[in-house]
Amino acid sequence: MSSQNKLLRLLKLIALLKQEPPKSVHYIARFLETSTRTAYRYIELLKEVGFNIEEDHFNKYSIQDHELLSPSHFNQQEIGFIRELLQSTELSSQLKQSILHKLSFNSDLELTNQDIQDARSVKIIQSIHQAISNNLQIILKHYQSINSQQISDRIVEPIKFTSQYRSLCAFEIESQQNKFFNIERIGDVEGFNQPQEFEHLHQFSKPDVFGFSKHKKVYVIDLQLDLKAKLLLTEEYPFTRPYVQQVDEHTFRFTAQIYNTKPIKRFYEGLKENIKVLDQTNFKL
């Protein structure tokens, strides 16, 4: 592998590990399109150059500090090379801007639209709009699921965008369910001129705090959280914030209706000592 490709993978890995939730080595390998052995080597390399890589009790990795790259790690020639590399890749404009800023570059990369973050997202949204207008099925390529920790292609019938183009509501053919797909986690969109077949099953409802659409059953979640659990919950799932109320300085209550229990069960399993299940919860954690 060329040094340029290796550096690009390392930059992608840094960005990935700074996003919640922590990632398994198998997920990292699929994301980087490499073997798990190579993924482990990249993680070890980041540790060697000073990144604070944390591994949780599920053997998932994350970067917990607030430093992406330090200019002192590189000489001027290396910095120039990184700048040229960044500006020639398909990384999002927001990510490029963040890296260049932290390397003390003066960059002319600016976001032209705060609701649609980069050119790749614009292309994806335009492709989906066209499919909606023509009542066509599409393939969401390399979709990164935060809940299943899987990267896969999804054949869907697109229905409608949520506000500010953050998510797409679409009917997934394989599961026969209406789901919400985060635009930033879509790798690409591919059309194949297949007309929509399941319009009679299309539904658009406001997603729950974990991004799931209403299906058959509504669940009530009622939890008491300590400060650690509250911070982790609202960082990993930002839409939970309005539903978390402060009880006292170190105690919080999270109450909401949800349509799928998998995300909160996974979250609870990792933080049982920090969470108390309250009486309104109508399912078993």
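In table form, for the structure just shown:
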quantity	calculated
Flagged links, alpha-carbon separation over 26 Å, of Lys123/Lys214; Lys12/Lys160; Lys60/Lys276; Lys216/Lys262	Lys123/Lys214; Lys12/Lys160
Footprinting exposure proxy for Glu33, Glu54 (fewest neighbouring C-beta atoms within 10 Å first)	Glu33, Glu54
For Val189, distant residues with modelled amide H under 5 Å away	Lys141
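None of the figures in this text is laboratory data; all of them are computed from the coordinates on show. All values reported here derive from a predicted model rather than from experimental measurement. Glycine gets a Cβ as well: all are built from the backbone with ideal geometry, and neighbour counts include every protein chain shown.
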